[in-house]
Amino acid sequence: MASAKPSLALNPLEDVKFQKVLTQAKQLAKKQKKKEKSLNSGVIFVGHLPAIFSESHLYDYFIQFGTISRFRLSRSKRTGNSRGYDFVEFESEDVAKIVAETMDNYLFGARFLSCKFLPPEKVHKDLSKEWNVPFHPPLFPAVNRSNQKREHLQMKTEYRFKKKEKLLRKKLAKKGIDYSFPSLVLPNPKKGASQGTPESKDNQDPTPVCTPTFLER
């Protein structure tokens with residue numbers, strides 16, 4: 001005979017309280033099934049979730065309290081990362097209320113959960129749409145398009161700066177001014193290069209400012 005599956009209490013300091021509420025929720029679910037009455041489902045909102053927990057982790061945790069009808073972990077459509085909150089629909093409304101009351105301000109991982117029961121009128125009709133579809137990381141088409149636009153804009157900006165720099169150097173040479181100034185376009189940092197700023201004479205001494213008044217001399 002297989003041994004009973006251990007409960008998933010994440011906060012050892014409140015393990016006794018967790019086991020008590022878990023037993024209460026299970027007993028309530030059994031009583032309602034014995035009465036064979038139609039159950040009204042209940043939805044709870046769970047916020048402040050640590051980002052490391054996936055759908056399977058959270059589902060295995062909350063199913064300890066009772067049968068889950070639907071479940072959705074909110075994720076960013078752009079990055080696929082967890083937004084830190086989910087919605088759990090229990091088969092029994094009474095069980096959902098018990099879970100919401102108990103798990104509110106419960107230490108879950110390294111955070112205190114925000115757990116609220118949602119009245120039926122506040123539950124969005126599309127809240128659990130495609131809830132049983134497995135999550136697939138996005139292909140980042142929008143991010144790639146944004147990066148391409150940014151690179152194109154950066155190239156145009158660098159071209160304008162180089163053109164202005166060339167004209168400025170010609171203007172200085174025409175006036176007979178021997179003045180050296182750093183390039184207006186910064187070189188792209190090489191991969192693996194040190195992030196620290198090297199100590200050099202240019203970094204230690206103040207750089208002369210080339211003002212319009214100076215150019216007119």
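Every read-out reported here was derived from the displayed coordinates using simple, explicitly stated rules and does not represent laboratory data. Please read these numbers as outputs of a predicted model, since none were measured by experiment. Cβ placement follows ideal geometry from the backbone for every residue including glycine, while neighbour counts extend to all protein chains displayed.
Modelled this way, with points 7 Å down the Cα-to-C-beta line, the labels at A110 and S54 are 2.1 nm from one another. What translational diffusion coefficient, in µm²/s and rounded to a whole number, does the Stokes-Einstein relation yield for the stretch 139-180 at 10 °C and a viscosity of 1.306 mPa s, taking the hydrodynamic radius as the Kirkwood radius over Cα pairs? In µm²/s, the coefficient is 126.
Given a Förster distance of 41 angstrom, what is the FRET efficiency for Q148 paired with T67, based on the Cβ-Cβ distance and rounded to 0.05? It would help to have the intermediate numbers written out before the result.
Working: r = 48 Å, r/R0 = 1.17.
With a Förster radius of 41 Å, E is 0.30.
What FRET efficiency do you get for R78 and A173 if R0 is 45 Å and r is their Cβ-Cβ distance, rounded to the nearest 0.05? Working from the Cβ atoms, E equals 0.35. The modelled label-to-label distance for the pair Q19/E121, using points 7 Å beyond Cα in the direction of Cβ, is 4.2 nm. With the charge dipole of the stretch 139-180 set up from +1 on Lys and Arg Cβ and -1 on Asp and Glu Cβ about the Cα centre, the Cα lying farthest toward the positive end among the listed residues S146, L168, T157 is that of L168.
Between E165 and F181, the contour length at 0.36 nm per residue exceeds the alpha carbon distance by 4.8 nm.
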